[in-house]
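The values are calculated or read from the model by the stated rules, or taken from the named source; none is laboratory data. Keep in mind that what you see is a predicted model, and the values were worked out from it rather than measured. Virtual Cβ from ideal backbone geometry, glycine too; neighbours counted across all protein chains shown.
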Amino acid sequence: MRTSFRRAKEFAIEKLILLSGLASVVFVALIFVFLLREGISVLKHVSPGAFLGGRFWYPISSPAKLGILPLILGSLLVTAGAVVIAVPLGIAAAFYIAEVAPKKTRAVLKSCVEVLAAIPSVVLGFLGITLLVPFLKQFLGLPTGLTAFAGSLMLAFMALPTIISISEDAINAVPREYKEGAIALGATHWQTLVRVVIHGALPGIIAASMLGIGRVFGETMAVMMVTGNAAVIPETLFAPVRTLTATIAAEMGEAAQGTPHYHALFAIGIVLFLISFAINLTADLLLNRGRKR
Amino acid sequence: MTAGRTKISVRGLSVAYGRIQALKGLSVDILENEILTIIGPSNSGKTSFLRCLNRMIDLDLQARVKGSVTLDEIDIRRGVSPEDLRKRVGMIFAMPIPLPLSIRDNVAYGPRMSGLRDKAALGRIVEESLRAAYLWDEVKDRLGHPALKLSGGQQQRLCIARTLALDPEVILFDEPTSGLDPISTAKVEEAALELRKTRTIVLVTNNTKQAARVGTRTAFFLMGDMVELGPTETIFTAPRDQRTEDYVVGRFG
Amino acid sequence: MRNEAFKQKLGFGVLLLATLVVVIPVLAIVLLVLVKGWGALSWTFLFTMPQDGMRAGGIFPAIIGTFYLVIVSIAFSLPVGVMAAIYLSEYARDNALTRTINLAIINLAGVSSVVYGLFGLSLFVVFLKFGVSIIAGSLTLGIMTLPVIITTTREALRAVPHSYREVSRSLGASRWQTVRHTVLPRALPGILTGAILSVGRVAGETAPILFTVAAFYLPKLPTSLSDQAMALPYHLYVITTQIPGIPEGFRYGTALVLIGLVLVMNVAASVLRSRYRKRR
């Protein structure tokens, strides 16, 4: 009698475990469905082409102009700037930490990278707008320091931990035999790194960069606080811009439920969701290919 | 007490891992109260065979098993749950693997999982099992200590006590003394000889001399086939198959 | 030969420089916030309600709000995440369903925080009619931290030697009994590490709570799950960008409390992790 009660309890628990396993899939689907639910109605007011390619974002004028091209370009510009800074820096730092740093300093350096990863984006945004933005204004003689450049700097900083730690994993995964083989043939440590290790770690490093890019493409608070508020097509790195994420965060409070503005913001959410889906999928494929080898 | 009726009956047992055939259609009757020792070079299928007898092979996801095994004429795949089967057919592994618990909790683990809660009853079982494994005197004062602190030989005897706590009818030994010192080895062998009086023992060993010391019958496995099976003395003094003779004499190993 | 040695020195120097460019600002940031914010920390600041439009008084309701959000979101994500990880580690086979689940986890981890905010608004606030409330915000945050909990728990479970599972099964224990009595207890420190890291993340996130729970100013503390709440990250955002005339010390003080909370969590998780590794 007690055994069958135990078996029934166990059956129930194992079903619960299975359901929890499926939970992630369910949640991803839910996110997509609910974004779609509110966002698809934007197509009543504007065609997909006009939405994605429209050059004017004036959501509260009537009729509302709902072109998100300036926002897309804003996101791209800030992200591209971040990539240019963070990828070389991050890869170089990863190599230093994984291959060159003495053991004791390595632990300290890794802790610093972890601390960086832990700093909330709103705190970075706060420091950005309080210190970096005025500094840029003065140092570069700009009308305002709220620029895409400030955003790129912030985002670069935030992408670094992802790029560094995943690249580090990739570098450490290169079999020791490759390095020892090269050294046995007379190569210096540096030559080994540049010729052999980079080659073996490349898929992982590329995946790391992609994941870093994906992470900052979706970054909201820090970038919102330092890039200014200009939803116009950016012409230079040193002027205010608006990213897709900042638009949602800044305007959702004002958009009444059911208005075209409201639906448009959700539609932007769909765009963001699909882009990060694509980036993560690619990065994961790269990481798995790298591992299988 | 001589071996009597059939305890376990194996018919046409095959085990494959992908394209590799570990056991090729084996049939054998294991008799009650015997010690059946299984010898043979590595990768002959000895361990796969053992794992089929208590359905531990189910945990090997790549293994494909065909054929039938019956315990007291009950099909072990259909007539009994794997959990109940394993309480009746216990297993001692090659490496002593104490669970990260105290000595007492290690031995009491099986009965607890079966639902036994009464502390007094558990205490009795722990003592009886440790005695039967010739370990009681060495650990009786420190039952609450971590099992991992015991020596290798003591750990293996702990594993035997742990299995005995469930009072199994059959005990499968998978190369139980391969890492142990001679004294511990002797104690394990002594325990096996004592245990077979009340149970059935199947013992896989890499050490032919151990088989000669301990087995009532011996089976010689080679590359997935059971080449020969017979009374231990016959296998070692007058084997019928040339390959058996080559192995026991030491021409290959 | 000498050329190569020189090249190596140069190359390593560049790598070191890159590392310093990364690391020095981190230390500078922490020190800066510490130095400039420390002065503002006082009993009043930490434990009283804000006054004069946030320009005086304290940030107590924001601290309490963050505390509630953390508790409720972990109450959701820890059980679900641990069970999901148990499924993946102990029950799942190598098939398309498992690959899909893994892909879903990676995607959940990559979704932008503001998109989570939209999702939370659309599902919890509007569709399920929870309104802007602690429950809506916590569930949103909980789903956001699910990948972290699943990944760290899965690693902790995988670290338990397979032989323990074999032994347990051979003694007649079922799969669940083995997990419950042998695997899970062993993996507990690792699971706890993941939970602590999650707390740090939940405490610091702003975008997901913007539309789901955060309030600009509440006269009273929240008393139920359906109340709105203030929260530290949102508070910092508001006093930095929306309200002029806030004493600089308040801003840095709020940032310090937030960073302090997050770093304490991270340090606790690290200590736990290294003690756990040493034990093994």
In this structure, is C:ASN102 facing another protein chain (nearest Cβ under 7 Å) and either acidic (Asp, Glu) or not in a loop (DSSP other than H, G, I, E, B) (or both)?
no
Within region B:75-128, which residues are of a type in the set (Lys, Arg), more than 9 Å from chain C (Cβ to nearest Cβ) and without any contact (Cβ under 8 Å) to a residue 12 or more places away in the chain?
B:ARG78, B:ARG117, B:LYS119, B:ARG124
Only one of (1) part of a helix (DSSP H, G or I); (2) touching a residue at least 60 places away in the same chain (Cβ under 8 Å) is not met by A:VAL232, so which one is it?
(1)
Can C:PHE45 be described as of a type in the set (Phe, Trp, Tyr), outside any helix (DSSP H, G or I) and either touching a residue at least 24 places away in the same chain (Cβ under 8 Å) or farther than 30 Å from A:LEU281 by Cβ (or both)?
no
Going by the structure shown, is B:MET56 within 8 Å of chain C (Cβ to nearest Cβ), crowded, with 22+ Cβ neighbours inside 10 Å and either in contact with an Asp or Glu (Cβ under 8 Å, 6 or more places away or on another chain) or within 16 Å of C:TYR164 (Cα to Cα) (or both)?
yes
For region B:50-63, name all the residues that are in a helix (DSSP H, G or I) and under 11 Å from the mean Cα position of the chain (by Cα).
B:LEU50, B:ARG51, B:LEU53
Looking at this structure, is A:ILE171 in contact with a helix residue (DSSP H, G or I) (Cβ under 8 Å, 6 or more places away or on another chain), more than 7 Å from every other protein chain (Cβ to nearest Cβ) and surrounded by fewer than 24 Cβ atoms within 10 Å (Cβ to Cβ)?
yes
One residue from B:PHE220, B:PHE236 being in contact with a helix residue (DSSP H, G or I) (Cβ under 8 Å, 6 or more places away or on another chain), buried (at least 17 other Cβ atoms within 10 Å of the Cβ) and free of Cβ contacts under 8 Å to residues at least 40 places away in the same chain
B:PHE236
Please enumerate the residues belonging to region A:135-159 that are of a type outside the set (A, V, I, L, M) and buried (at least 21 other Cβ atoms within 10 Å of the Cβ).
A:GLY145, A:THR147, A:PHE149, A:GLY151, A:SER152, A:PHE157
Return the residues of region B:166-197 that are within 26 Å of B:ILE57 (Cα to Cα) and not hydrophobic (A, V, I, L, M, F, W, C); say none if nothing qualifies.
B:ASP167, B:PRO168, B:GLU169, B:ASP174, B:GLU175, B:PRO176, B:THR177, B:SER178, B:GLY179, B:GLU189, B:ARG196
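Residues checked against (1) of a type in the set (Asp, Glu); (2) in a strand (DSSP E or B):
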| residue | (1), (2) |
| --- | --- |
| B:PRO176 | no, no |
| B:SER184 | no, no |
| B:ALA191 | no, no |
| B:ILE201 | no, yes |
| B:ASP246 | yes, no |
Taking only region C:30-39 into account, find how many residues are away from chain A (no Cβ under 14 Å) and either at pLDDT below 85 or part of a helix (DSSP H, G or I) (or both).
1
Being away from chain C (no Cβ under 14 Å), buried (at least 24 other Cβ atoms within 10 Å of the Cβ) and closer than 30 Å to A:GLU38 by Cα narrows it down to one of A:VAL223, A:VAL241, A:VAL232, so name that one.
A:VAL241
With more than 30 Å from B:LEU85 (Cα to Cα), at pLDDT 90 or above, crowded, with 23+ Cβ neighbours inside 10 Å and touching a His at 6+ places or on another chain (Cβ under 8 Å) as the only criterion, which of C:THR140, C:THR254 stands out?
C:THR254
Within region B:17-49, tally of residues that are more than 14 Å from chain C (Cβ to nearest Cβ), part of a loop (DSSP other than H, G, I, E, B) and more than 13 Å from B:LEU203 (Cα to Cα)
7
